[in-house]
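Accompanying notes for the structure given below.
No lab work stands behind these numbers, since they all come straight from the coordinates. All values derive from a computational prediction rather than experimental measurement. All Cβ positions, glycine included, derive from the backbone under ideal geometry; neighbour counts span all protein chains shown.
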Protein chains: 6
Amino acid sequence: MRSVLAVGAHPDDIELGCGGALSAHRAAGDTVTMLVLTGGQNGPGSCLERRREQERAARVLDAVLVWGRLVDCTVAPDAATVTVVETVLRSVAADIVYVHAPDDSHQDHRAAAAATLAATRHGNRILHYRSPSTTQFNPTMYVDISAHLDRKLDAIACHRTQVDASAMVDPEVVVASARHFGAQARTRYAEAFAPVRFVWDLRPVQSAPSARAAAVAEVTEVAALAGQLPPW
Amino acid sequence: MRSVLAVGAHPDDIELGCGGALSAHRAAGDTVTMLVLTGGQNGPGSCLERRREQERAARVLDAVLVWGRLVDCTVAPDAATVTVVETVLRSVAADIVYVHAPDDSHQDHRAAAAATLAATRHGNRILHYRSPSTTQFNPTMYVDISAHLDRKLDAIACHRTQVDASAMVDPEVVVASARHFGAQARTRYAEAFAPVRFVWDLRPVQSAPSARAAAVAEVTEVAALAGQLPPW
Amino acid sequence: MRSVLAVGAHPDDIELGCGGALSAHRAAGDTVTMLVLTGGQNGPGSCLERRREQERAARVLDAVLVWGRLVDCTVAPDAATVTVVETVLRSVAADIVYVHAPDDSHQDHRAAAAATLAATRHGNRILHYRSPSTTQFNPTMYVDISAHLDRKLDAIACHRTQVDASAMVDPEVVVASARHFGAQARTRYAEAFAPVRFVWDLRPVQSAPSARAAAVAEVTEVAALAGQLPPW
Amino acid sequence: MRSVLAVGAHPDDIELGCGGALSAHRAAGDTVTMLVLTGGQNGPGSCLERRREQERAARVLDAVLVWGRLVDCTVAPDAATVTVVETVLRSVAADIVYVHAPDDSHQDHRAAAAATLAATRHGNRILHYRSPSTTQFNPTMYVDISAHLDRKLDAIACHRTQVDASAMVDPEVVVASARHFGAQARTRYAEAFAPVRFVWDLRPVQSAPSARAAAVAEVTEVAALAGQLPPW
Amino acid sequence: MRSVLAVGAHPDDIELGCGGALSAHRAAGDTVTMLVLTGGQNGPGSCLERRREQERAARVLDAVLVWGRLVDCTVAPDAATVTVVETVLRSVAADIVYVHAPDDSHQDHRAAAAATLAATRHGNRILHYRSPSTTQFNPTMYVDISAHLDRKLDAIACHRTQVDASAMVDPEVVVASARHFGAQARTRYAEAFAPVRFVWDLRPVQSAPSARAAAVAEVTEVAALAGQLPPW
Amino acid sequence: MRSVLAVGAHPDDIELGCGGALSAHRAAGDTVTMLVLTGGQNGPGSCLERRREQERAARVLDAVLVWGRLVDCTVAPDAATVTVVETVLRSVAADIVYVHAPDDSHQDHRAAAAATLAATRHGNRILHYRSPSTTQFNPTMYVDISAHLDRKLDAIACHRTQVDASAMVDPEVVVASARHFGAQARTRYAEAFAPVRFVWDLRPVQSAPSARAAAVAEVTEVAALAGQLPPW
């Protein structure tokens, strides 16, 4: 069982960036905590509406929700923001952290990314997710969300004030991007991530170790299959 | 149980690049196949010696060894080399592939990387490892090899002709780099990788799903711990 | 009227990469030439079938089709390939050239990109398009293909042997990627490009030059609108 | 007729970065607005002198000048600066925006770039220009300013306090860089740009659509010219 | 005799990043000034302890120590910090400056790098050093510290509060990284640097200019040695 | 006294890329060897003319000239080319090597760069120079050629067949680029380089080591100059 922490600057950021992966984590029995740094005070939508929407979305994803109590459009990559992230990080003993990508046109997203990098300086599984306002993004890790796309869309739908009024939140684009990255990942629907650092845990996938027989004997057989090989 | 394929241009390349990870894969019950494209005909060491050394190293790592039957310093990123890799890839039904990094001063290493990228075009877990001749390398994935460094060194020691005569093969540097990347990975000893694409398999690490209680109730408690937070 | 040249390694590459932009060029009155370097001899599909498919697709896009007469999986970035591209380039006096992106797992795609860069060394509008096998791609230019997506899909549908049998050619993914890049371009459907160099032709969009009045007078008015500005 | 907005942190930044392109826009009948964020209070030159110089330069370029009313060396990439840019952006309904490149040793330049990226998050033609203090710059778009270099130099000459006293403002270097980038763009004098995103408007350059005849017939003829081609 | 300035955000940063190079500069007769921007007020260790430690370390390196008088975790890349660096830069007439790399998870390190870039905008030898919290680093310059590693370790050992309590300060890792980068530099122990800009001073290494004889005559001889060369 | 080797694919490549630096090396008493890989058989100009031009240019630069005996437009990054470079490298015991940048539209330039990287795998001072056909180039090292620009131009002028007939060889652009990079290097005229790896030799510039007095005493004085510093 892993403890997963997702950090986003505003209500809906986490769902858009890694809602499918969070659903997959829950399905794998991991705990999931969502830290939303600000209340999205600048709207569209009132602060109260957005809190309700975010709480509903967290329930859809079966995740614990923590509010960072910062103010929309004023997040700074300073010690105060680092402390917010560190406090939650330690409280939930997170061993996997998801956060915004650093190259983003929204200053709060950049600040959230920078503060989370500082807070997780001793951690070893930190992944950047993409937002609609991300400017440069070269993903190399993916999570297959084919079985989780519906739940991701349900969670996004909770943010009705955004779906109705923000050009940046469009479920049609969410599905298109999931399919686009799915093709890149050689699967159906996927979310894409850029790891800051990711230590791959090579625990046994299945308990019985494989029996191995005469390795050298196999060599010739396999090579023989390749008729095109030059003589050696 | 996963099927792992490591591709290297010459005897000793795989051990230097990902010998520790291969040992960790074996410990996790995965099967491991090493595809060595050439016989290292240019030396130092005779071709026969190098074959014996490579076979011994494969036994140390408990891996199947396949010879690609190409010739040292003439590997091209062409259809013939792609066919060699594809043949083995299908034969072992590999779902994880390790290969040289693309920015390398040795033409065989670059060709091995390019041909493997072509051969694995439908695969979704391909990782680049670093060689002493790699020129640019920005790793973001790591495997903790603290429990496997000795075996990696044992495997490298099998390549006596190289350890004795090649400035590029120095066990002291192998340990130093493992510690250097270990510090980067926030662990003790590590091997570093640059993923081409890596679909993270989020299967349960432990069977019992976590019980979750009143998410919203937790919110205030956690936030309250952060005395430095501004009023909201 | 511009002369546009699109270069692709195999039948269907051009349609997948820039079929929408070519349709938009035709709608704007530009001439379009498609240079397909090989006959796609490795299949799926026979060489004859693929030639027929490509000719049909060129008709759909109302483009001239030129066969490069090279052989699938053997394209090299050498003087012979450069000559093929140069010959067509001069014949059609192309002032805009589209070609594969350089970071691609298929050796023919990389070779097509490299040879075209050499052939167009004196040109000033060269754009890389993306293929399903492209590995790294950071687009910064886009063409809005909202009015041309259907024609792009029609052109791709001509390549029936590929649509039926190649995992890399999937119309559903074509639409998804067009929507994904459309959102990035702040439009509906788009194709994405990475310019090698692109000299923007600033010819008048509309003949009447704008009348401009007292510039300094406007300054205060505009600034006054921004009530949040600090005193100066 | 397009509406062009150029954003610069200090008096003279816009002229140095894209004065030639602005002159070309005017020649094409586009309207041009220059938003100078600060008064250049830190000198050299008094604030009053610099205002006069900037107003003169705007007249040379036949552009509307708007002062951002911020203070030299204190520009922050925060909501207040974003609001300044947004206010002007909407007021002039800009569809093309030029701004500093992000990698620059001057904090005001970085802040101007970041705030403009936020303000233009819904726009689709945003280009970074280069300043003498830019540190990393990989231009891929160019505007031919061969017919506009003199006007650019005239506009820069208006900033006499800078030309006389700042090591960063040297007309000789302006000409040299224009020739350097001109050679890169395969033209005579050019300004270089790095697009954030640029949707290329493929409107007809000339009204009469080209008549096209037997496409397939042309194929053989063109290919035949290339005597070096291998048989097929 | 060169005047070298090293800038670090906290006590111990400079020693970790370029302590060996500073020792090599002293051995070459250069003067060395260390500007430590903050007192490391956030610990571990009291501010007084850390001042004593830093002063001891400066004596070990035989360097002048200047305190920047800023506060730990609050360094901003603003005009005030730029002024601190500029003041010292001018005071010591530095012609070589070392500073943190820009991609670092610690906000003070990023701010120190940015402010130093601004302060050195007219300088021509500025090198980024690596810190344990650096996230991306592509070094291309190296200083051989084989004869200076002991002194570097002695200087680091002065920072006892850090060596004892900070996971980021581990002498074993310092040695390992020096060996890792030494292998990259084709020497034994090295420190690695990423130049912002570095003008190489090509002064004579040895006074007597070499006598050169018939250049063309040598051509054939040298070429003749390469028996493998094709006929020409 | 250093031994410098410059490698170029064709006659005139070396002069264009690093002719000024080579002149500076000679002025510093270093020996300089130019290895021209091909005879420029594809013209413009006959092979004989180009040999004479190159020999004249080498005399202008007072450098030894070695012909690589390869053929224009057929240079491959293979073992044969590596052997050519290695043969000369060992013959002259080069400790500094200059070669083409890797991102170049000419296949011979890319091959020359790749082969030289392989040949210099044990060396520690390798610098890439820029050619007119270089596509991406991020220089970080510079050599001040203000005193050597005339000699560089003289050497280029020897290549009369190129100056007269090749769009890529234009002395006016050579001067403009030298001034452009000179401004970047904060000097007058400069050549720009991208180091592969460069070990900086910190030998004494002047024999007398500096006397240093009470370091801590200086601290307060310097800091006091900065009136803007916050209290500590």
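Structural remarks
- Estimated vicinal HN-Hα couplings, Hz - segment B:165-181 in sequence order (Karplus 6.51, -1.76, 1.60; Gly, Pro = x): 10, 9, 5, 7, 10, 9, x, 4, 5, 4, 5, 4, 5, 5, 6, 4, 6
- Amide H contacts of F:Asp104: F:Thr135, each under 5 Å away and 5 or more positions distant or on a separate chain (H built 1.01 Å from N in the peptide plane; Pro and chain starts excluded).
- Where labels lie 7 Å past Cα in the beta-carbon direction, separation of D:Val163 and B:Arg90 in nm: 7.2 nm
- Dipole axis of segment D:3-205 (+1 Lys, Arg; -1 Asp, Glu on Cβ), positive-most option in D:Thr134, D:Leu5, D:Ala58: D:Leu5
- Distant alpha-carbon pairs in segment F:3-205 (separation over 21 angstrom), percent: 46 percent
- Taking every DSSP helix (H) stretch of at least 4 residues in the protein assembly as shown, weighting each as -39,500 (n - 2.57) and dividing the sum by the residue count yields a mean residue ellipticity at 222 nm of -12500 deg cm²/dmol.
- Counting Cβ atoms of other protein chains within 10 Å of each residue's Cβ and taking the mean over peptide E:102-114 gives 4.
- Per-peptide average of other Cβ atoms within 10 Å, ordering B:179-187, F:108-116 highest first: F:108-116, B:179-187
- Peptide ranges B:76-85, D:131-140 listed from the most packed, as the mean C-beta count within 10 angstrom indicates: B:76-85, D:131-140
- B:Gly68 long-range amide H proximity, modeled H, under 5 Å: B:Val36, B:Leu37, B:Thr38
- The phi torsions of segment F:130-144, fed into the Karplus equation with coefficients 6.51, -1.76 and 1.60 and a -60° offset, translate into couplings of 9, 10, x, 9, 4, 9, 10, 7, 10, x, 10, 10, 9, 10, 6 Hz, rounded to whole numbers, with Gly and Pro shown as x.
- The ranking of A:Leu5, D:Leu70 from fewest to most other beta carbons within 10 Å of each one's beta carbon is D:Leu70, A:Leu5.
- 10 Å Cβ neighbours from other chains, averaged over peptide B:187-199: 4
- Arranged from fewest to most other beta-carbon atoms within 10 Å of their beta carbon, D:Cys18, F:Cys73, D:Cys47 become D:Cys47, F:Cys73, D:Cys18.
- Rotation relating E and A, chain A residue nearest the axis via C-beta, angstrom: A:Ala76, 5
- The mean number of Cβ atoms from other chains found within 10 Å of a Cβ in peptide E:117-124 is 5, as a whole number.
- In Hz, Karplus ³J(HN,Hα) per residue of segment E:69-77 (6.51, -1.76, 1.60; θ = phi - 60°; x = Gly, Pro): 6, 9, 10, 3, 6, 10, 5, 10, x
- Inter-copy spacing of B:Met1 label points, which lie 7 Å from Cα along Cα→Cβ, given in nm from shortest upward: 3.0, 6.8, 6.8, 7.3, 7.6
- One Cα centroid belongs to segment E:129-191, the other to segment D:106-137; the line between them spans 36 Å.
- For C:Asp95, label point 7 Å along C-beta direction: distances to other copies, nm: 2.1, 5.2, 5.5, 5.5, 6.3
- Neighbourhood charge, 15 Å Cβ-Cβ cut-off, centred on D:His148 and excluding it, Lys, Arg +1 and Asp, Glu -1: -2
- Neighbour-count order for B:Met34, F:Met1, D:Met141, fewest beta carbons within 10 angstrom listed first: F:Met1, D:Met141, B:Met34
- For chain D, the Cβ-based charge dipole about the Cα centre amounts to some 420 debye (Lys, Arg positive; Asp, Glu negative; other atoms uncharged).
- Within-10-Å neighbourhood charge of B:Cys73 [Cβ basis; K, R +1; D, E -1]: -3
- Distances in nm from E:Leu48 to the matching label points in the other copies, shortest first (labels 7 Å along Cα to Cβ): 5.4, 5.5, 7.6, 8.9, 9.6
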